[in-house]
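A.B. asks: Got a structure for you, written out below as structure tokens; questions coming shortly.
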Amino acid sequence: MAPTSPRETVAPADAAPRPDLRELVSALEGTPAEQGLRERKKRARRAALIEAAQKLVAEQGLDAVTVEMISAEAGVSARTFFNYFESKDDAVLGVDDVDLSEDVVRTFVEGGPTGRLLTDLQALVASLLERAGENHDRVMRAMDLAQQEPRLLQRHMVWMGRHKNRLEELFAARRATTPFSASSELLTMLVLLMLRTALTAWENSGYAGNPAAHLPDAVAQLIDVVARDLDL
């Protein structure tokens, strides 16, 4: 038998197998049911903070309300508040209350769900609109308060800029796996246009149903404009 190198070690025959890293991560995160329960609790706590912030600001004005007051109203600590929001302004606006799920992002980046860019953009927008519909009351209250408090409008513009950057990063990631010629800036504006058109139609309908239901018509209008130009 060849001698063992000084750098080599021989594990005892009865040594326990080294645990797989994925198994360790899974054990720390808990079962899918436990993960789901934690996620529901996080969403409920976030919703409570938004509602507390909006209620207090509507009653007392933005400057009179503090993070501590919002936290107490929601039944959490100020430290917990900052796990969800950077500032009281963000809590009033419900910043990131409408966002893309990890599954939707992963599917898009990998070239799905259909492989056709415009159709897949529509899937992204539909996901955003579904969340907006679920949080309709909070979104409407946030917009009403923003009209009364100019600082909230400024913060909303910062938030929109952050979403624009996220979209551009998402398009760059997809380009690496499924190349396309359109610029990220153009696709970002297209997403915002589809969002705005669908939300306006939803508003005009008296907020009937979910705003995502108005998206197909918005996309059909866009396709019609392009098709008519091509015919000419």
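The values are calculated or read from the model by the stated rules, or taken from the named source; none is laboratory data. Note that the coordinates shown come from a computational prediction; the quantities given were computed from them, not determined experimentally. For neighbour counting, all protein chains shown are included, and Cβ atoms are generated from backbone atoms with ideal geometry for every residue, glycine included.
A.B. asks: Can you give me the number of residues within segment 204-216 that are free of Cβ contacts under 8 Å to residues at least 60 places away in the same chain and either aliphatic (A, V, I, L, M) or surrounded by fewer than 12 Cβ atoms within 10 Å (Cβ to Cβ) (or both)?
C.D. replies: The total comes to 4.
A.B. asks: If you don't mind, another one. Could you check LYS41 against (1) part of a loop (DSSP other than H, G, I, E, B); (2) outside the structural domain of PRO179 (by TED's automatic domain parsing); (3) not small (Gly, Ala, Ser) and say which number it fails?
C.D. replies: (1)
A.B. asks: In segment 112-163, what residues are of a type in the set (Asp, Glu) and over 17 Å from the mean Cα position of the chain (by Cα)?
C.D. replies: Those that are of a type in the set (Asp, Glu) and over 17 Å from the mean Cα position of the chain (by Cα): ASP137, ASP144, GLU149.
A.B. asks: Further question on the same structure: Return yes when SER183 is without any contact (Cβ under 8 Å) to a residue 24 or more places away in the chain and either surrounded by 12 or more Cβ atoms within 10 Å (Cβ to Cβ) or not β-branched (Val, Ile, Thr) (or both) and no when it is not.
C.D. replies: Against the criterion (without any contact (Cβ under 8 Å) to a residue 24 or more places away in the chain and either surrounded by 12 or more Cβ atoms within 10 Å (Cβ to Cβ) or not β-branched (Val, Ile, Thr) (or both)), SER183 qualifies.
A.B. asks: Only residues that are at positive phi and surrounded by 12 or more Cβ atoms within 10 Å (Cβ to Cβ): list them for segment 103-121, please.
C.D. replies: Result: GLY111, single match.
A.B. asks: Quick check on my filter: what residues within segment 149-168 are modelled with pLDDT of 80 or more, buried (at least 18 other Cβ atoms within 10 Å of the Cβ) and closer than 16 Å to THR188 by Cα?
C.D. replies: The one that is modelled with pLDDT of 80 or more, buried (at least 18 other Cβ atoms within 10 Å of the Cβ) and closer than 16 Å to THR188 by Cα: LEU167.
A.B. asks: Which residue is nearest to ARG43 (Cα to Cα), if the candidates are limited to segment 126-148 and must be loosely packed, with under 15 Cβ neighbours inside 10 Å and of a type in the set (Asp, Glu)?
C.D. replies: Ranking the candidates gives GLU134 first.
A.B. asks: Name the single residue, out of those in segment 205-226 being modelled with pLDDT under 85 and out of contact with any helix residue (DSSP H, G or I) (no Cβ under 8 Å at 6 or more places or on another chain), that is nearest to LEU117 (Cα to Cα).
C.D. replies: VAL226
Let's see how each residue does on (1) touching a residue at least 60 places away in the same chain (Cβ under 8 Å); (2) over 29 Å from GLN221 (Cβ atoms); (3) among the β-branched types (Val, Ile, Thr):
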| site | (1), (2), (3) |
| --- | --- |
| ARG46 | no, yes, no |
| LYS55 | no, yes, no |
| GLY61 | yes, yes, no |
| ILE70 | no, yes, yes |
| ALA78 | no, yes, no |
| VAL95 | yes, yes, yes |
| LEU124 | yes, no, no |
| ALA132 | yes, no, no |
| VAL139 | no, no, yes |
